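Beneath this line is the structure, given in C-alpha cells, with notes to follow.
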Amino acid sequence: MRTLKRTWPFHVMLLPAIIFLIIFSYVPMGGIVMAFQDYKPWMGISGSDWVGLDNFRYLFERDDSLQVIWNTLIIAVLKLIFNLFVPFVFAILLNEVRKMAIQRTIQTLVYLPHFLSWVILGGILLDLLSTGGLVNRVLGTFGLGPYFFLGDNSLFRPTIIVTDVWKEFGYNMIVFLAALAGINPALYEAAEIDGANRWKQTLHITIPSLVPMLMVVGTLALGNVLNAGFDQIFNLYNPLVYQSGDIIDTFVYRSALENGEMGFATAIGLFKSVISMVLILVSYSLAKKYAGYRIF
C-alpha cells in the first residue's frame, strides 16, 4: 500500500491505455469462436451451427489456401532479409560521410518515404509502374520493356519487395546508426595508429560492433514473418497477380467481406496468430540467448 500511494499517478496515467487495450484487443477475442462455426451474420454467434475443426481442414484442403501461405512466407522472408541487409550496409556507408550537412540531408531524404502511407504511395506507384508510366518510359530509352510490373506474376513479388525496402530502409537504419554512435572512438584511433585504413577499420571494428544489433533486430523480426504487409499488397495487387501476390491478410479480407466466409476467414486469422505467437516466443528466446537482449 505504501508503494501504491507513491506511484498511483503513474497507474492513473496508464489507465486510458489499458482501457483502450481491453476494449479493442481483448474483448474482440470472443469472436475467435467463429473459427469453429459455420458463422452466419444474421444468426449471430449464438445461433450459428458448430462445425468444430472443419474450417481448419478446409484451409489445408483448398489449393488457393496453400498458395496463399506459400506467398506469405516468400514475401515476408525476403522482406525480412533485405530490410536487414540494406539498412545495415547503408548505415555503414552513411557513417563514412564526413560532412555533417550532407549526412543529415541524406538521412532526411531516406527517412521521408516511411512517413507516407501505402494509400498515397500506392497511387504514386500505380502511375510510375504502369505500362505507360515513367519507369517504362525510361527503360524504353534503353530498348527495354514495357513491363507490366503490377500485373505480371513473375514481376509482382520483386516489385513488392523493392518498393517496401525503398520505403522502410531509411527508418530501419536508425537502430544501426545508434549502434555506430556507441562505438568507442579510441578503437578507430588505435587502429589508425597501427596503420589500418578506412576499409580495414570498417571490416574489423565497425561491422563486428554492429553484428550484435543485427542479431537482435533479425531474431525479433522472426515474430513478424507471417506479416507480409497487408497495406502494401492491398493497394497494389489485382486479380491478375493473386497467384503470386495474395497473402494471408488479403485472403482473409476477401474471404470475409467479398465471399461472406466469416468462419473460414476467422480460422485463417487464428491459424496465423498462433504461428506468430510461437515465432515471437522463439525469436525472443534466441535474442536473449545469443545477443543478451531481454525485455525484463
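The values are calculated or read from the model by the stated rules, or taken from the named source; none is laboratory data. Keep in mind the model is a prediction, meaning the values are calculated, not measured. Reconstructed Cβ throughout: ideal geometry from the backbone, glycine too, with neighbour counts over all protein chains shown. Each accessible area value is taken on the protein alone, full model and side chains, heavy atoms only, with ligands, DNA and RNA left out. Shrake-Rupley method; radii C 1.70, N 1.55, O 1.52, S 1.80 Å.
Okay, here's what the table says:
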{"quantity": "Inter-site label distance for Glu258 and Ile74 at 7 Å from Cα along Cβ, in nm", "calculated": "1.9"}
{"quantity": "Gaussian network model of the chain, Cα within-10 Å springs - most flexible of Ala179, Ala265, Ala101", "calculated": "Ala101"}
{"quantity": "Crossing angle, helix 100-111 versus the chain [Cα axis fit, 0-90 degrees, rounded to tens]", "calculated": "10"}
{"quantity": "Cβ-derived FRET efficiency at R0 45 Å, Thr3 paired with Asn153, nearest 0.05", "calculated": "0.15"}
{"quantity": "Per residue value of the accessible surface for the chain (all protein chains in place, 1.4 Å probe), Å²", "calculated": "60"}
{"quantity": "Accessible surface of the stretch 66-291 [probe 1.4 Å, protein heavy atoms]: carbon and sulfur percent", "calculated": "70"}
{"quantity": "Virtual spin-label span in nm between Leu134 and Lys40, 7 Å along Cα→Cβ", "calculated": "5.3"}
{"quantity": "Shape of the chain, Cα gyration tensor, a/c cut at 1.5", "calculated": "oblate"}
{"quantity": "Zone residues, the stretch 131-173, relative to Ile120, backbone N less than 18 Å from point 7 Å out along Cα-to-Cβ", "calculated": "163-172"}
{"quantity": "Contour excess over end-to-end distance, with Cα ends at Tyr290 and Met29 and 0.36 nm allotted per residue", "calculated": "90.6 nm"}
{"quantity": "Two-site FRET efficiency, Trp50 against Phe142, from Cβ-Cβ distance with R₀ of 51 Å, rounded to 0.05", "calculated": "0.25"}
{"quantity": "The chain: calculated mean residue ellipticity at 222 nm from DSSP helix runs of at least 4, using -39500 (n - 2.57)", "calculated": "-21000 deg cm²/dmol"}
{"quantity": "Signed unit charges on C-beta, dipole axis of the stretch 66-291, positive-most listed residue Ile75, Val135, Gln107", "calculated": "Gln107"}
{"quantity": "Dipole of the chain, positive direction: furthest Cα of Val217, Phe169, Leu59, with charges on the beta-carbon", "calculated": "Val217"}
{"quantity": "Label-point separation in nm, Leu203 to Asp64, each point 7 Å along Cα→Cβ", "calculated": "5.3"}
{"quantity": "Student exercise, the chain dipole from Lys, Arg, Asp, Glu Cβ charges, in Debye to nearest 20", "calculated": "1220"}
